[in-house]
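Below you'll find the structure, written out as structure tokens, and then a few comments.
The values are calculated or read from the model by the stated rules, or taken from the named source; none is laboratory data. All values reported here derive from a predicted model rather than from experimental measurement. Because the Cβ atoms are built from the backbone with ideal geometry, glycine has one as well, and the counts that use them run over all protein chains shown. What goes into the accessible areas is simple: the full protein's heavy atoms, side chains included, and nothing from ligands, DNA or RNA. Shrake-Rupley method; radii C 1.70, N 1.55, O 1.52, S 1.80 Å.
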Amino acid sequence: MPVTAAIIVAAGRGERAGGELPKQWQMLGGRPVIERTIAAFSGAPDIGPIVVVLHRDDMVRAAQLGEVICVAGGATRKDSVLAGLRAVPSQVTQVLIHDAARPLVSQALIARVVAALEGSSAAAPGLPITDALWRSDDGKVGGVQPRDALFAAQTPQGFQFDAILAAHRAYRAKASDDVEVARAHGLEVTIVEGEAENFKITHPQDFARAEAVLGGRMDVRVGSGFDVHRFCTGDHVTLCGVAVPYRKGLEGHSDADVAMHAITDAIYGALSAGDIGRHFPPSDPQWKNANSGLFLSHASGMAGERGYRINQIDCTIICEDPKIGPHAAAMQARLAEITGVAEDRISVKATTSERLGFTGRGEGIAAQATATLVAE
């Protein structure tokens, strides 16, 4: 199986964009541009390691970028890309190289480039030129350039790893992009369909354009979770991180917080990321008696890394006893503390099963939850 890495090039200063900070560190829709770009790739199922190439002066900011490999770039874009290639883990077989200043790249486009690499040494997105093209002659139209078969180049540009590494090592001149380097080394590059929204932020007005695109996007995900734990001997049950006094306990590999488990699975479900068992296997002894807040914190962090904000959580606890109402506010507060979601966007409620089924017979507690995530 191919292992695909992404290299995000963010070592430039972007002076044409204006502002006190380089454009990749300026805010777009409440998040730095570079964080949006990273989130697009970290949320893509075909992408493994992510290498971010930063200006040397920006390496102090690396910690805020999450679980990525950060490396200092060079004097030119080509030097920076080569630094990124050298930092790619050894198991990688192919790589996508992307401009940090293109934060609106879609996962569909990323997938198209990866798919094109199955039968090609290189692939890159392009947009057919539709406007008339003029040549300038001292500020006047000096001629018309035919636009047939012309494309506007975009990123991510994808390559078989060994081939593009060799190409960069051999190339000595300046290059506008990595396709130019690849072609100079004899690589054929397949053109895949680009996207108009995948434009490069270059000038101050491009931020307004990008904000408009973000405002028009509606990416909402909803996940559901369900969990059950049987009663055992004990003097309390833990629900939503709150110890509720009771004549019994709940049996489980961790702290058996059935409600928090349901909520955690709802978040994983909205991200199409499996369930708690995938991330924290019960066969692993290190999770024995673990605080379930650890699981919920992991799921919440994953949502943020993939560019989503948890907009609302709704949890229903199903049991005859103990009574949940007196503890619901404390449960909401604890969930808010872990997830960073406002308490007025968290609902914790309870119902009985009218003495029917295992919950009605007092054999255990069940919980179901939904989580709504919104792309930031």
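Figures for the structure shown
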| read-out | value |
| --- | --- |
| Listed residues Gly18, Gly43, Gly301, most fluctuating in the chain (Gaussian network, C-alpha, under 10 Å) | Gly18 |
| Accessible heavy-atom area order of Met1, Met59, Met331, highest first, probe of 1.4 Å | Met1, Met59, Met331 |
| Lys pairs, the chain - Cα-Cα below 15 angstrom, 8 or more residues apart or on other chains | 4 |
| Förster radius 30 Å - calculated FRET efficiency between Ala111 and Glu211 (Cβ-Cβ, nearest 0.05) | 0.75 |
| GNM flexibility winner over the chain from Asp257, Asp46, Asp235 (Cα, springs under 10 Å) | Asp235 |
| Alpha-carbon radius of gyration plus Dmax, which is the widest Cα pair, for the chain in Å | 25.5, 89 |
| Phi to ³J(HN,Hα) by Karplus 6.51 cos²θ - 1.76 cosθ + 1.60 over the stretch 47-58, Hz, x for Gly, Pro | 9, x, x, 10, 10, 10, 9, 10, 5, 4, 5, 9 |
| Between the stretch 312-330 and the stretch 252-311, the alpha-carbon center distance in angstrom | 19 |
| Largest-first ordering by accessible area, 1.4 Å probe, given options Arg183, Arg77 | Arg183, Arg77 |
| The stretch 175-225: GluC sites (Glu not before Pro) in DSSP coil with no more than 15 other Cβ atoms inside 10 Å | Glu188 |
| Arg172 versus Ser224: modelled label distance in nm, points set 7 Å from Cα along the beta carbon direction | 6.6 |
| The stretch 163-224 - Rg over Rh from alpha carbon coordinates, Kirkwood radius | 1.19 |
| Highest-first arrangement of 28-38, 220-230, where packing means the average Cβ count within 10 Å | 28-38, 220-230 |
| Mean shadow area of the stretch 301-376 over all directions, Cα convex hull, nm² | 5.5 |
| Value of Rg to Rh for the stretch 95-222 (Rh from inverse mean 1/r over Cα pairs, i.e. Kirkwood) | 1.02 |
| Convex hull of the stretch 224-375 built on C-alpha atoms - directionally averaged projected area, nm² | 8.3 |
| Where only alpha carbons of the stretch 1-121 are counted, the Rg and the Dmax (Å) | 13.9, 44 |
| Accessible area in square angstrom per residue, the chain, 1.4 angstrom probe | 48 |
| Accessible area (Å², 1.4 Å probe, nearest 10) - Ser300 | 20 |
| Dipole of the stretch 183-311, positive direction: furthest Cα of Gly304, Gly223, Pro245, with charges on the beta-carbon | Pro245 |
